[in-house]
Amino acid sequence: MEKIITDANYASLVEEGLPMVIDFSATWCGPCKKIAPIIEELASEYDGRVIIGKCDVDENDELTSKFGIRNVPTVLFMKNGEVTDKHVGAAPKSVFVEKIDALL
């Protein structure tokens, strides 16, 4: 299952040293709901190799501002705490798999 990433736990997740994928989303967002099952599947498939989680933009102002999130869903792909790629909007699973594999 994907992790819930918050302002409070973000730093400790980065310290784990694994690549991270953060799905910035909102409960009211239609496209966010569309990719939610994909994010959940990816979290299971890459468990132990990549931290994959969701960040609710309405509840985590600090992270949302830090990464300049203006639209949801925005999925960030990160290595060593640095953003290496991002995708804005819904997409098929294959798009996310390609970007995750590039992190490994």
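Per-structure values
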read-out	value
Largest-first principal axis extents of the Cα set of the range 60-104 (Å)	29, 25, 12
Hits among lysines - C-alpha to C-alpha of residue 99 under 21 Å, sequence gap 8 or more where chains match	3, 33, 34, 54, 79, 86
Semi-axes of the equivalent ellipsoid for the range 1-86, Cα gyration tensor, largest first, Å	18, 16, 11
Within the accessible area of the chain (1.4 Å probe), percent carbon and sulfur	50 percent
Backbone HN-Hα couplings from phi across the range 71-83 [Karplus 6.51/-1.76/1.60, Hz, Gly and Pro as x]	10, 10, x, 10, 10, 9, 10, 10, 9, 6, x, 10, 6
Average accessible area per residue (Å²) across the chain - probe 1.4 Å, nucleic acids and ligands excluded	53 Å²
Cys residues of the chain counted as unpaired, since no other Cys beta-carbon is under 4.7 Å	55
About the Cα centre, charge dipole magnitude for the range 21-98 (Lys/Arg +1, Asp/Glu -1 at Cβ), debye	240 debye
In the range 20-71, the GluC sites (Glu not before Pro) that fall in loop regions by DSSP, at most 13 other Cβ within 10 Å	59
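The values are calculated or read from the model by the stated rules, or taken from the named source; none is laboratory data. Note that this is a predicted model, so its numbers are computed, not measured. With ideal geometry, Cβ positions are generated from the backbone for all residues, glycine too; neighbour counts draw on all protein chains shown. In case anyone asks, the SASA skips ligands and DNA or RNA and just uses the protein heavy atoms, side chains included. Shrake-Rupley method; radii C 1.70, N 1.55, O 1.52, S 1.80 Å.
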